[in-house]
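Here the structure comes first, spelled out in structure tokens, and everything after it is commentary.
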Amino acid sequence: MSDGPRIITAHWGDERVIPYEGYVRVGGYEGLRRALAMSPEEVIAEVKASGLRGRGGAGFPTGVKWSFVPQDTGKPTYVVCNFDESEPGTFNNRELVEREPHQVLEGIAIAAYAIRSNLAFIYCRGEFLWPGSVLRRALEEAYEHGVLGERVLGTDHRLDVVLHRGAGAYICGEETALLSSLEGYRGQPRQRPPFPAIEGLYASPTVINNVETLCFVPHILRNGASWFTSIGTERSPGTKVFSISGKVERPGNYELPMGTPFRVLLEEHAGGVLGGRALKAWTPGGSSTPMLTAEHLDVALDFESVQQAGSMLGTGAVMVMDETDCMVEAVRRMVRFYAHESCGKCTPCREGTWWVSRVLDRIEAGYGRPEDLPLLEDLVPNLLFRGFCPLLDGAVSPVASGLRHFREEFERHIEERRCPFTGRGSATGVAEPPAPPAPQEPAPGPVPLSEVLG
Amino acid sequence: MSREPVTLTIDGREITVPAGTLVIRAAERLGIEIPRFCDHPFLAPAGACRQCYVEIEGQAKLVTSCTTRVAPDMAVRTQVTSELVRRAQAANLEFLLLNHPLDCPVCDRGGECPLQDQALAFGPGESRYIEPKRTYRKPIPLSPLVNLDRERCVLCARCTRFCDEISGDRFIELYDRGAGERVSIAAGEDFRSPFSGNTIQICPVGALTATPYRFVARPFDLSSTDSTCAHCAAGCAIRVDVRRGKVVRVLARDDVEVNDAWICDKGRFAFAAPDRPERVTTPLVRARGLEPASFQEVLGEIAARCRGGRVGILVGGRLADEDAYALSKLARTVLGTNDLDHRRAFHGGRAELLAAARPMSVTYRDVEEAAAILVVGLDAEQELPILHLRIRKAARRGARVFVLHARRTRLHDLGEHLLVRPGHEAFALERIREALAAGGDGPEARIAAALAEAGERAVVLAGPRLAEHPLAADVALGLAERVGARFALCARRAGDRGALRAGVHPTLLPGGRRVTDDVERGQVEAVWGPIPAEPGRDAMGILRAAAGRELDVLYLVGVDPLRDLPDPALARRALANAGYTVIQGLELGELEPYADAFLPAAAAAERDGRVTTWEGRPRPLRAARAPLGLSRPDWEIFVGLAEALGADLGLGSLEAIRAEAEPLLAPREVPVRSSAWGAAGPPQWIEERVLFTYPLLVDEGRLLEGATELKAALEEEPFAEIHREDAEALGVADGGWVRVRTSAGDAVVRARVGETVAPGAVFVPFNQPGLPVAELLAGRFTVGVHLEPAAEPAAEEVA
């Protein structure tokens, strides 16, 4: 295994860094100390110079985000750490918190100092019972040791951090829905603009950063921006913690420099495809990013290269599917996730994910019709970028890329009236038709609205 | 927000609109209709339904025009010029119809349904959806008035946003998520909002339906008339829908100057009273009993009694402006009396004089744009519901709202209440006035500071409770003048302000001219001819005179003194002792044994005319159907009576009345003088416990007869609201029974104990089922009261 520089996972496996003392012993809170010795503007400038880009999916430059926060509104400013990690395939935030909880707290404290905030929130995914407890303990320690509270590390800077546990909705990872939820409202996204930097939590300027992003911040302050830019690629500096799962020998989190080829991640770190089988498909950044194939083995894992290959780096959550995996079933499951997690606010997402999910259920069960594929292909552009928030785009990605790369698998399901991988389907009588009641055979043709409306 | 104009193009056409305008609104100005469901001009943008996509040059994605604000040189393409937009809108309609039941043939909305219309205009024509549809149990009654059909619902959230943003009555909320998202209400709770009907009207599909209208009519079977709601002085623009001669539905019309797009549930659902069997639609005269006769006969008989006799006239709150003017002139010039009054309570101060002389001292817009609002002696939600909504709107826009009242009102969530005992308002107002100079940190000082800071953007709204003390309204007026605030004395009933303006008043002639002032009376005499110079008797004075056999004719126009006035015992004596009693109205009710003649009047929905809002704004009444039977508009009856007496009022048409009245009702300056004009002395500090009462929005009032579902939804059982301190002192428990005894009578009602009334005050709603509170009153709407815990009464005792 060729080890590159590890930054935020350097101490993984060493349980001594979980408590405060151990974290300090390996240099913890040095970054915060450095930051407090600087002016907030200098801190922002340093993070800007590092080129750090948000690891939550969109890749927006972190320092630039911080610099958007106005200081003259007469309102308080807030930092919100997004720890609602729920994207299928994504699991690096959880491990970052479990293995070194003070690292993210230090990042939060630096961000808060940079935007002159005295109150920060951690929005913790509801299902994360254990990581939430680890954070709770770390917060207690941080207060005990004067890292948080009235005088942060003995300075005049005051900071309180509130841990808020979500209630189990994927949509609350979307930043405006997260803010609604944090305020006690339904977790549904809000109209932007105003952007959270201007009117976020309680209509006040707010910075929202992902756990992984914040973990990098102490290291940038400790080692300097130019150190950070020396790692990774020019436009995607630093490292990235890739969560690789699915059909690989060694699933897990691997911190590698941005721009590392997927082949290196898969073969050198994850031990290759499980059982030496052939790679069929992989997602570069969670289920919401379009799938790539074995043709894309040499794509470099950075924001630009993945985009050029027709997908998105997203959260860097790589899910690997091999030659034995049914792509219809894979797409069906991913879409079902989004249909389940759609918040219901906007029509295309609420109804569209439901519809697509139903059609895929039917195809997989061997009840597909030849016209279903043109239908799905027509629904893709009708859904893509039409939702209130990006959740819908994530739901469409697997459908679009599945049809693009694996259309013949869909066709076989329809022709054979069964799943070629499992053998179950209407042709064999093994699969149940999708519940509730099966579509009639032959399926009723579309009813002209004019007949119904008179 | 800057209001600089912005120029942009929509479908190649240039338009200039104020900055901040939404693209969908700008398109409307060009006559381009972009389909929409969640968008509503009076609700905040939601961007939820995604129907109103447009293309903006330079932007990669389509945007929703209901959330996008105009920008200079923006180039917008709607479905008119963009194939992409057309396809997107069609696709969205296909999505909306996936799970829609398409039961249009049995849906109340069919024929006037935005989903139906827009699917036809912009939709794909057919659906490719073959999967089973989502189903729900339906309909779900949210209240006795409102039913929810979740299958038809498109989840636009207009209803929930209305309850959140406009009424503040958050009974319904979206629940669950994704395709399972649905409008919901807490188990066991009713949608108990007096504005609930608005959600039905703004529902863009048939998901919310009104119980009284369910399956009653198809829209193309209705004949519709634009009119004004005459239930209160809010003056809401309404549309009255008639099917086969019966009113079956009332809808709000948009009017930004008055009701925005809303009406209250009383205005919407209380329309059945004129069709009740108790309605009398022929003139009656007493022979052996009350017997039908022609108008000519009855008017002739009445004229014979009036000729040379002493006549006293009591008037209710529902006369149209023209009726009031004709009556005012009839009384003075033909019947020769100033003994006429429309009021339930005495004002008689300078505030009343100003209200008579100067309309529009405060408008809805002034309220909306105010920086500080002081509401005194008014329960706006119950008495002028649409004014209440405008005060809420102002509060949402940043106005500071204060309520000085004996009882907490529904403004409590966004305004500060200062609870004072009824009758003590004047003292509290004085303390506010003192705090203007002295400062301090109590509620009075906060009110003073807010009013002073707002200056001319401050509004003082004085309500009916101040009528209990002659000086209270004048003190409120004095406070307003001191800080430069706008001031209005808010009339509650639809006919109140018009009657006051027209001089249906013992001492005021049209335009607030005083009978006793020779110059002012002369101005009216120049038009009318001679007018008696003696001031007349007020309502209670007229009853006393009748009771004392001083009146030959007691003429009751749209009023029931047994129910409406605060001394039924006196009213009974008056009716018994009056020489001759004439009833004019829709029905006789309990007055039947006393009536010597009955004149059938047309209901508000049956005649043309005008009513005046609490602001003083004239609003048109239009006949939605012909008067039932022989009934006629009141003014015609007055003109007929004058003719029977050999006089010509010169008021042969509504136009003639308006032409004559207009110069007399032109706004006048009223000389500033001390409040000594009032007959009574300064208010008294009251030590004893006081019962006070006023009508809630939905009660046993005559115009609410027949509105079964409305009453089921909103009417309350009688109760006595008592402050916790008093209840503890007396040993009365919340929900327990309490005996309420006054000098006039006693009753046993359920106690509501809390901190929602001022200590020392007991509130009993005026006219609730089974408890005619008037029987406890002794000439005013407040009365000293003795309370004691009581056993649960036997059924007949409650009734």
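The values are calculated or read from the model by the stated rules, or taken from the named source; none is laboratory data. If you're wondering where the values come from, they're calculated on a predicted model, not measured in any experiment. Using ideal geometry, Cβ is built from the backbone for each residue, glycine included, and neighbour counts are taken over all protein chains shown. Side chains are part of the model used for accessible areas, which takes the heavy atoms of the whole protein and leaves out ligands, DNA and RNA. Shrake-Rupley method; radii C 1.70, N 1.55, O 1.52, S 1.80 Å.
May I ask you to evaluate 6.51 cos²θ - 1.76 cosθ + 1.60, the Karplus curve with θ = phi - 60°, for each residue of region B:575-581 and list the ³J(HN,Hα) values in order in whole Hz, giving x for glycine and proline?
Values per residue, Gly and Pro as x: 5, 5, 9, 5, x, 7, 10 Hz.
Scan around B:PHE766 for amide H atoms under 5 Å from its own, H built in the peptide plane at 1.01 Å from N, and keep only partners 5 or more places away or cross-chain.
Amide H neighbours of B:PHE766, under 5 Å, 5+ apart: B:TYR694, B:LEU696.
Mean separation of Cα pairs under 8 Å and 6+ residues apart, divided by the residue count of chain A: what relative contact order is that in percent?
On the way: 916 pairs, mean separation 65.9, N = 454.
It rounds to 15 percent for chain A.
Please give the Cα centre distance for region B:10-70 versus region B:585-599, rounded to the nearest Å.
Their Cα centres are 58 Å away from one another.
Taking the DSSP beta bridges in chain A as the whole, what percent of them are antiparallel, to the nearest 5? Please list the in-between numbers first.
Numbers: 18 of 39 bridges.
Among the beta bridges of chain A, antiparallel pairing accounts for roughly 45 percent.
Where a ≥ b ≥ c are the square roots of the eigenvalues of the C-alpha gyration tensor, would you call region B:679-799 rounded, which needs a/c under 1.5, or, failing that, prolate if a/b is larger than b/c, or oblate? Mind showing how you got there, number by number?
Working: a/c = 1.72, a/b = 1.23, b/c = 1.40.
Oblate, since a/c reaches 1.5 and b/c is not below a/b.
Please name which of B:SER143, B:LEU551, B:VAL216 has its Cα lying farthest along the dipole of the protein assembly as shown towards the positive end, using unit charges on Cβ (Lys, Arg +1; Asp, Glu -1) and the Cα centre as origin.
B:LEU551
First compute the accessible area of the protein assembly as shown with a 1.4 Å probe, then give the percent of it belonging to carbon and sulfur atoms. Don't skip to the end; give the middle numbers.
On the way: 22960 of 45780 Å².
The nonpolar share, carbon plus sulfur, comes to 50 percent.
Using the structure shown, list the pairs from A:LYS240/A:LYS280; A:LYS247/A:LYS280; B:LYS246/B:LYS266 with a Cα-Cα distance above 20 Å, or answer none. It would help to have the intermediate numbers written out before the result.
Details: A:LYS240/A:LYS280 24 Å; A:LYS247/A:LYS280 10 Å; B:LYS246/B:LYS266 18 Å.
Check vs 20 Å cut-off fails for A:LYS240/A:LYS280.
How many angstrom lie between the Cα centre of region B:328-354 and the Cα centre of region B:365-441?
29 Å
Given Cα pairs under 8 Å that are at least 6 residues apart, what percent is the relative contact order of chain B? Mind dumping the intermediate values first?
Details: 1818 pairs, mean separation 104.9, N = 799.
After rounding, I find 13 percent.
Which order do the peptides B:579-588, B:230-239 take when ranked by the mean count of other beta-carbon atoms within 10 Å per residue, highest first?
Values: B:579-588: 22.8, B:230-239: 25.3.
Listed from highest to lowest mean packing, they are B:230-239, B:579-588.
Give the average, rounded to an integer, of partner chain Cβ atoms located within 10 angstrom of each Cβ in A:336-347.
Details: counts 0, 0, 1, 3, 4, 2, 5, 5, 12, 12, 10, 16.
Counting Cβ atoms of other protein chains within 10 Å of each residue's Cβ and averaging gives 6.
Please compute the modelled spin-label separation between A:SER39 and A:GLN308, points set 7 Å along Cα→Cβ, answer in nm with one decimal.
Here the answer is 4.0 nm between the modelled labels.
Shielding by partners for B:171-178, please: the mean number of other protein chain Cβ atoms within 10 Å of each residue's Cβ.
Working: counts 0, 0, 1, 5, 2, 2, 13, 15.
Neighbouring Cβ atoms belonging to other protein chains average 5 per residue here.
Relative contact order for region A:15-229: what percent, with Cα pairs under 8 Å and sequence separation of 6 or more? Let's see the in-between values first.
On the way: 416 pairs, mean separation 65.3, N = 215.
Computed value for region A:15-229: 30 percent relative contact order.
On a 0 to 90 degree scale, rounded to 10, what angle separates helix B:634-644 from the longest Cα axis of chain B?
With both axes taken from Cα atoms, the answer is about 30 degrees.
When you count, for each residue, the other Cβ atoms within 10 Å and take the mean per peptide, how do B:180-188, B:331-339 rank with the highest first?
Details: B:180-188: 14.7, B:331-339: 23.9.
Result, highest mean Cβ count within 10 Å first: B:331-339, B:180-188.
Return the whole-Å distance between the Cα centroid of region B:220-295 and the Cα centroid of region B:448-509.
29 Å
Can you compute the helix-only [θ] at 222 nm over chain B? Use -39500 (n - 2.57) per DSSP H run of at least 4 residues, normalise by all residues, nearest 500 deg cm²/dmol.
-7500 deg cm²/dmol
Suppose we keep just the DSSP beta bridges with both residues in region B:721-780; what percent of those would be antiparallel, to 5?
On the way: 9 of 12 bridges.
In region B:721-780, approximately 75 percent of DSSP beta bridges are antiparallel ones.
Using a simple charge model, +1 on the beta-carbon of Lys and Arg, -1 on the beta-carbon of Asp and Glu, nothing else, what dipole does the protein assembly as shown show about its Cα centre, in debye to the nearest 20? Numbers along the way, then the final one.
On the way: 144 positive and 170 negative charges, 191 e Å.
With only Lys, Arg, Asp and Glu charged at Cβ, the dipole is about 920 debye.
Using modelled amide H (1.01 Å from N, peptide plane; none on Pro or chain starts), what sits under 5 Å from the amide H of A:VAL161, excluding residues fewer than 5 places away?
A:ALA120
Please identify every one of the GluC sites (Glu not before Pro) in region B:692-799 that sits in a loop by DSSP and has no more than 15 other beta carbons within 10 Å of its own beta carbon.
Filter output for region B:692-799: B:GLU716, B:GLU755.
Per residue of region B:537-553, in order, report the coupling 6.51 cos²θ - 1.76 cosθ + 1.60 (Karplus, θ = phi - 60°) as ³J(HN,Hα) in whole Hz, putting x for Gly and Pro.
Computed from phi, the couplings for region B:537-553 are 8, 7, 4, 5, x, 5, 4, 5, 5, 5, 4, x, 6, 9, 10, 7, 10 Hz.
Buried accessible area for the A:B pair, summed, 1.4 Å probe, in Å² rounded to 100? Working shown, then result.
Numbers: alone 19040 and 30500 Å², together 45780 Å².
Rounded to the nearest hundred, the buried surface is 3800 Å².
Quote the FRET efficiency, to the nearest 0.05, computed for B:GLU453 versus B:ARG253 with a Förster distance R0 of 41 Å and r equal to the Cβ-Cβ distance. Please report the intermediate quantities before stating the final value.
Values: r = 36 Å, r/R0 = 0.89.
Here the calculated transfer efficiency is 0.65.
With the cut-off at 1.5 for a/c, could you classify the protein assembly as shown from its C-alpha gyration tensor as rounded, prolate or oblate? Working shown, then result.
Values: a/c = 2.66, a/b = 1.91, b/c = 1.39.
Since a/c reaches 1.5 and a/b is larger than b/c, the shape of the protein assembly as shown is classed as prolate.
Tell me the per residue accessible area of region B:349-489 using a 1.4 Å probe; a whole number in Å² is fine. Could the numbers behind the result be given before it?
Working: 4290 Å² over 141 residues.
Spelled out: the 1.4 Å probe surface of region B:349-489, per residue, equals 30 Å².
Scan around A:ARG53 for amide H atoms under 5 Å from its own, H built in the peptide plane at 1.01 Å from N, and keep only partners 5 or more places away or cross-chain.
A:THR62
How many Cβ atoms of partner chains, on average, are near each residue of B:86-96 if near means within 10 Å of its Cβ? Walk me through the intermediate numbers first.
Details: counts 0, 3, 5, 0, 1, 9, 7, 2, 8, 13, 4.
Across the residues of B:86-96, the mean count of other-chain Cβ atoms within 10 Å is 5.
Ordered by residue, what ³J(HN,Hα) values in Hz, to whole numbers, does region B:9-21 give under the Karplus form 6.51 cos²θ - 1.76 cosθ + 1.60, where θ = phi - 60° and Gly and Pro are x?
Rounded to whole hertz, the list is 10, 10, 6, x, 9, 7, 8, 10, 9, x, 4, x, 5.
Take each of the peptides B:687-696, B:602-611, average the number of other beta-carbon atoms within 10 Å over its residues, and list them starting from the highest.
B:602-611, B:687-696
In region B:1-91, which GluC sites (Glu not before Pro) fall in coil by DSSP and have 11 or fewer other Cβ atoms within 10 Å?
On the way: sites: B:GLU14, B:GLU28, B:GLU33, B:GLU55, B:GLU57, B:GLU83; in loops: B:GLU33, B:GLU57.
Those satisfying the criteria are B:GLU57.
Cα extents of region B:291-440 along the three principal axes, largest first, in whole Å?
66, 30, 28
Take every DSSP beta bridge whose two residues both sit in the protein assembly as shown, then give the antiparallel share in percent to the nearest 5.
Working: 81 of 147 bridges.
So the antiparallel bridges in the protein assembly as shown amount to around 55 percent.
Under the classification rounded if a/c is under 1.5, otherwise prolate if a/b is larger than b/c and oblate if not, where does region B:498-621 fall, given a ≥ b ≥ c as square roots of the Cα gyration tensor eigenvalues? Write down the numbers at each step before the final one.
Numbers: a/c = 2.08, a/b = 1.23, b/c = 1.69.
Note, shape of region B:498-621 comes out oblate.
What angle, in degrees between 0 and 90 and rounded to the nearest 10, separates the Cα long axis of helix B:83-98 from the longest principal axis of the Cα atoms of chain B?
70 degrees
Extending each Cα 7 Å along its Cβ direction at B:PHE220 and B:ASP73, get the distance between those two points in nm, one decimal.
5.0 nm
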